[in-house]
1. Using a Gaussian network for chain B with springs between C-alpha atoms less than 10 Å apart, which of these wobbles most: B:Asn192, B:Asn86, B:Asn153?
2. When the Cα centres of region B:264-319 and region B:46-92 are compared, how far apart do they sit, in Å?
3. Quick one: putting +1 on the C-beta of Lys and Arg, -1 on the C-beta of Asp and Glu, what dipole do you get for region B:182-264 around its Cα centre, in Debye to the nearest 20?
4. Classify chain B: rounded, prolate or oblate, from the alpha-carbon gyration tensor (a ≥ b ≥ c, eigenvalue square roots; a/c under 1.5 rounded; otherwise prolate if a/b is larger than b/c)?
5. Considering every pair of different Cα atoms, what Kirkwood radius, in Å, is found for the protein assembly as shown?
6. Taking Cα atoms, how many degrees apart are the long axis of helix A:62-71 and the longest axis of chain A, rounded to 10 and kept between 0 and 90?
7. Give the A-B buried accessible area in Å², both sides summed, 1.4 Å probe, nearest 100.
8. Counting Lys +1, Arg +1, Asp -1, Glu -1, what net charge surrounds B:Ile321 among other residues with beta carbon under 13 Å of its beta carbon?
Amino acid sequence: MNKILVSGKVEGIVLKSNDPINFLGTVDKKTGIISDKNHTLFEKSLKNSILVFPSGIGSSVGAYTIYSIKSNNTAPIAMICKKADLTVATGCALANIPLITIGDKEFESIKTGMKISLDTDSTNLIHYQ
Amino acid sequence: MELTREEESALKGEQGETMQMAYRILVATGEATDAEKLIPIEWAHLSGVNYNTIGDAGEEFLSTISKDARVTVKTTLNPMGFDIDNVSNYKLDENFISKQLSIRNSYETMGVIPSFSCIPYEIFDIPKNGTQVAFAESNAAIHANSYDNLKTNKESAFSALASAIIGKSPYSSLRKEDTPNITIQMKIKNPNELTYGMLGFYAGKIGDTSVNISGLGEMDQRQCKAMCGGMGTSGTCAKFNFGEGDSNTEKIDFDEKEMQNVHDELNTSEKGDLITLGSPQLGLDEISDLTAKLKGRSFQKRCMVFLPRTVKEQAQKIGYITELERAGCEILSDCCTCLTPLICKDDVDAVTTNSIKGAFYLKNSNGVGVNLKSLTEIIEDETR
């Protein structure tokens, strides 16, 4: 279901993960690089991406990691999830990173490298370019 | 979510950046939990205090927002990492101590009562029935909903802080009428606090937002706290309803087999190098009972006893603390077994405890072995 958790308007390139993300312990809070060898985005940087992933998992302290990468200018410019979890929701709220959820079908259609724009004031939240 | 005009304006930033961020947190939380509006709360209890859990990012965040954020309702605070009165007896580095004190200072600057306790329901007066509160500490949220006739969600550190600043909280899940997804029938005879902790842990795994629970006899405060602590550790469920529930609700037994499964999951050692009591922290009744049980006896190994500072002060006046120290107890206020930096796997192989909550975090966070025993067994086996 489409929900707007944190509003905003951005344009950028998709970085997609089919794995959920545990921000505490998986993401380096200085560099914004995924440091977990077992994650599909291992060694990828989240910086300036539109990060698309199913949901966050793990400790709620992970919200501080999202706040940290934003403070260090290594955060995604927006996040899109299938399911809203409190860690990512509060993390994006702290850091003022736009966050929406979308349905399964739309989630499937989005691929890494696509250029999209996200506008929470528009009826179509996502525009594909 | 439906916001009032004033709430909308705050969310747009017309009341400053801090209010805007606090509203962003409540709106994001509310949308994630299907709340339709915000409602006033009278008391917030915050987690996210121990430097061991929130780290540098948390310390920096709190330091930044404390410059202008102020709480607008009664706000109390979870334990931190150590007791300043005896921190020099433990191997904590200067960095840990200074970062922890910075966190304490930030919360005090924001107007939070520095209670450093995970049992606010035992050391503060309980407001009238049905009062909306916002408790982030899991055992306290469950206790408030189940025993104190208060209403709270199992808040996150952030939603509780934002609620404290705004004085409102999302109207979702347990604030409304809830339907338990399952009824657990307690089948264990002669349960002690360890049994109730395991029952709570089991309930937290299978419960959705709340569970029915039947077959409980009379319980003392220690047992109630153990059950709430156990449940808060294993899931997101945050309320016990006492009774069978209606006939449509699925029924399941908590029997010897289920209890053994929980025991096998958390009990990893035959014996402990030291003992901890308190997770949740001990209240005055428990301290009184412990003092009586230790009359004429002494621990044969280290025993750490965790309690709120206010309880320590009361216990000191009555003379309990002198007695407990005579029996070999290390008395620690402002902190707790749960996520303590004072127990390190370099020095300790295993810890004996009667707390399921403590056991879970000792095993998974401190990385030490755990030996589960009831308080009665601890006194029998570990004192002379």
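The values are calculated or read from the model by the stated rules, or taken from the named source; none is laboratory data. Note that this is a predicted model, so its numbers are computed, not measured. Note: ideal-geometry Cβ built from the backbone for every residue, glycine included; neighbour counts use all protein chains shown. Ligands, DNA and RNA are stripped out before the accessible areas are found, and what is left, the full protein with its side chains, is counted by its heavy atoms. Shrake-Rupley method; radii C 1.70, N 1.55, O 1.52, S 1.80 Å.
1. Highest fluctuation among the options: B:Asn86.
2. 24
3. 180
4. Details: a/c = 1.96, a/b = 1.23, b/c = 1.58.
Oblate, because a/c is 1.5 or more while a/b does not exceed b/c.
5. Mean inverse Cα-Cα distance, inverted, gives 23.8 Å.
6. Tilt relative to chain A: about 80 degrees.
7. Interface between A and B: roughly 1700 Å².
8. Every neighbour counted, the sum reads -2.
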